[in-house]
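A.B. asks: Structure provided below as structure tokens; questions to follow.
Coordinate-derived values only; no laboratory data. Predicted, not measured: the structure shown is a model, and the values here were computed from it. Glycine gets a Cβ as well: all are built from the backbone with ideal geometry, and neighbour counts include every protein chain shown.
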Amino acid sequence: MFCSIADLKPKPFYKTLYKHLVFLENRNLYILTTGFPVLPKSEPYLLAEISVLKQHFKNIYFIPITDTPEQSYEGELNIIRYKVEDTAIPSLFFIFSQVSDDLWAILKRVRKLRSLRYYLADIRKTFQKALAIEKIITSPSNSNPQLIYAYWSNECATIAAILKSRSEKPIALSRAHGFDVFEEQTKDGIIPFREFQLTHLDKIFSVSKQGENHLKKMNPLFNDKISHSYLGSVKPATFNPFDPSEFNLVTCCFIRGIKRLSLFPEILKHISFKAKWFVIGGGDENEIELIKRNTQSLPTNIEVIFLGHFNETELHHFYETQSLNLMVSLSSSEGLPYSMMEAISYGIPLLSTDVGGCKEICTSETGILIDKTFEPKNVAELISKFRNSEKNALPFRENVRKFWHKNFYAEANYSEFSKQILEL
């Protein structure tokens, strides 16, 4: 008589092996994203994670919560689209019954009924999205065991929590990065519906230890549900070329006020030697114009080159061909930047403000960590010292890459992440 793996009743000794086999045979993974893979420029770093996750799950489906007709990634990626307008709007009584504690916490924080109405309207739309998604992933054609993975602990995580609250069958988890961890990065200094998320999710994985510690401090009743799991980047084909006769700095980010790139010219004006600053990234046009204005008064020994937005292929080609001495981040708040992982994978040292989880990647082994409230002249002195130090040499750069491989190698980190999911 034949039976499937799912028919077997595991003994305790074989429980972990059994769970692995069931996942491989049946488990569907649903990833809630902001826009990937249909929204251009949205979460491109998920590509590295997918390459590992697909080894552990039978089917992977993407559910972008931002409605868009565009599609930037073609091929074998499965995309689930849903129609919110075809779903009944939940009643206010129903919404209050689900998230009354969170709404009360919001009211105490913002102390404005107008703001409360905004959050109430927002959560109502979120429930409507969740119910529309539920119709699809719980249909007979998708009857296999489910794992719902919210890539962010914002609306994505709230949707995952709603789906979990309505059925005990799926495992529901979320990652947490920066703006969805640290209240200082939000408009009202609050992350809405966190209690509802933690009540129903099986696990939240911060991308940094700092984020894990903050979440536990702010949500002590749910410490057992909070952990961390580093992201990772793919091993590059080559090493960043190193030309000791040049000194080139690079910044790589979505340019907005929180990145504080407009302060970098204040640092560079104290640099006496010849240097180039490569600015990679698009973003807030007003902020970009401010940066450009601030660079106009720089001395002639400083050259600034605005490169605009790079896709993954363009970025890696740049790192493979352009000698770079230092990647710089002046952010006032961060999670744990993926851009830094990519830089150190090429052996490029870092200079970063001590915010969020940056101290976990920018260490004495990889570069220079500075205070969040820095003096531009002091940072310029640190850069000058770096230029003439052993950190601006090939042996140090080789150790930078070893640090990346030990801590932020995609294959290792995402395999471990998959293992942790299997043990939920």
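A.B. asks: Taking Lys217 as the anchor, which aspartates and glutamates have their alpha carbon closer than 20 Å to its alpha carbon, excluding any fewer than eight residues away along the same chain?
C.D. replies: Asp101, Asp102, Asp180, Glu183, Glu184, Asp188, Glu195, Asp202, Glu334, Asp354, Glu360
A.B. asks: With each pseudo-label sitting 7 Å past Cα toward Cβ, what's the Lys269-Thr300 distance in nm, one decimal?
C.D. replies: 1.9
A.B. asks: Which of Ala176, Leu92, Ile133 sits farthest toward the positive end of the charge dipole of the stretch 79-215, with +1 on the Cβ of Lys and Arg and -1 on the Cβ of Asp and Glu?
C.D. replies: Projecting each Cα onto the dipole axis, the largest value belongs to Leu92.
A.B. asks: Separate question: When only Cα pairs under 8 Å and 6 or more residues apart are kept, what is the percent relative contact order across the stretch 248-407?
C.D. replies: After rounding, I find 24 percent.
A.B. asks: How far apart, in nm, are two points set 7 Å out from the Cα along the Cα-to-Cβ line at Asn213 and at Phe310?
C.D. replies: So the label points at Asn213 and Phe310 sit 3.2 nm apart.
A.B. asks: Hey, can you grab everything whose amide H is under 5 Å from the amide H of His228? Only 5+ residues off in sequence or another chain; H modelled, so Pro and N-termini drop out.
C.D. replies: Ser206
A.B. asks: I want to verify a result. In a Gaussian network model of the chain, Cα cutoff 10 Å, which of these has the top mean-square fluctuation: Ser42, Ser329, Ser97?
C.D. replies: In the Gaussian network model the winner is Ser97.
A.B. asks: Pick out which of Ala161, Ala105, Ala130 has the largest mean-square fluctuation in a Gaussian network model of the chain, springs linking Cα atoms closer than 10 Å.
C.D. replies: So, out of Ala161, Ala105, Ala130, the one fluctuating most is Ala105.
A.B. asks: Quote to one decimal, in nm, the extra length available between Arg387 and Phe93 on full extension: 0.36 nm per residue of separation minus the C-alpha distance between them.
C.D. replies: My answer for the length gained is 99.5 nm.
A.B. asks: Follow-up question, since we're still on this one. Name the most mobile residue of Ile344, Ile305, Ile123, meaning the one with the largest mean-square fluctuation, in a Gaussian network model of the chain with Cα contacts below 10 Å.
C.D. replies: With Cα springs under 10 Å in the chain, the top fluctuation among Ile344, Ile305, Ile123 is at Ile305.
A.B. asks: GluC sites (Glu not before Pro) within the stretch 381-424: which are DSSP loop residues with at most 16 other Cβ atoms inside 10 Å?
C.D. replies: Loop-located and lightly packed - Glu423.
A.B. asks: Let me ask something additional. Give the long-range amide H neighbours of Ala150: residues separated by 5 or more places, or on another chain, with amide H under 5 Å away, using H modelled in the peptide plane at 1.01 Å from N.
C.D. replies: Leu32, Leu173, Ser174, Arg175
A.B. asks: Once phi is turned into ³J(HN,Hα) by the Karplus curve 6.51 cos²θ - 1.76 cosθ + 1.60 with θ = phi - 60°, what whole-Hz value does each residue of the stretch 335-346 show in order, with x for glycine and proline?
C.D. replies: Each residue of the stretch 335-346 in turn: x, 9, x, 5, 4, 5, 4, 5, 5, 6, 5, 9 Hz.
A.B. asks: What relative contact order, as a whole-number percentage, does the chain give when Cα pairs under 8 Å and 6 or more residues apart are counted?
C.D. replies: 14
A.B. asks: Taking a temperature of 4 °C and a viscosity of 1.567 mPa s, what whole-number D in µm²/s does Stokes-Einstein yield for the chain with Rh from Kirkwood over alpha carbon pairs? Kindly include the intermediate steps, with their values, before the conclusion.
C.D. replies: On the way: Rh = 23.3 Å.
Reported coefficient: 56 µm²/s.
A.B. asks: For q = 0.11, 0.15, 0.17 Å⁻¹, what log10 I(q)/I(0) does the stretch 266-424 give under the Debye formula with an equal point scatterer on each alpha carbon and no solvent?
C.D. replies: -0.49, -0.90, -1.16
A.B. asks: Which GluC sites (Glu not before Pro) in the stretch 92-181 pass both tests, a DSSP loop state and at most 15 other beta-carbon atoms within 10 Å? Walk me through the numbers before you get to the answer.
C.D. replies: Details: sites: Glu134, Glu155, Glu168; in loops: Glu168.
Answer by residue number: Glu168.
A.B. asks: Give me the extension gain from Ile79 to Leu107: residue separation times 0.36 nm, minus the current Cα-Cα distance, reported in nm with one decimal.
C.D. replies: Values: separation 28, 0.36 × 28 = 10.08 nm, distance 3.69 nm.
Net length gain for the segment: 6.4 nm.
A.B. asks: Which pairs, out of Lys83/Lys209; Lys54/Lys372; Lys164/Lys406; Lys58/Lys164; Lys108/Lys209; Lys41/Lys391, put more than 31 Å between their alpha-carbon atoms?
C.D. replies: On the way: Lys83/Lys209 38 Å; Lys54/Lys372 39 Å; Lys164/Lys406 35 Å; Lys58/Lys164 21 Å; Lys108/Lys209 29 Å; Lys41/Lys391 33 Å.
Result: Lys83/Lys209; Lys54/Lys372; Lys164/Lys406; Lys41/Lys391 exceed 31 Å.
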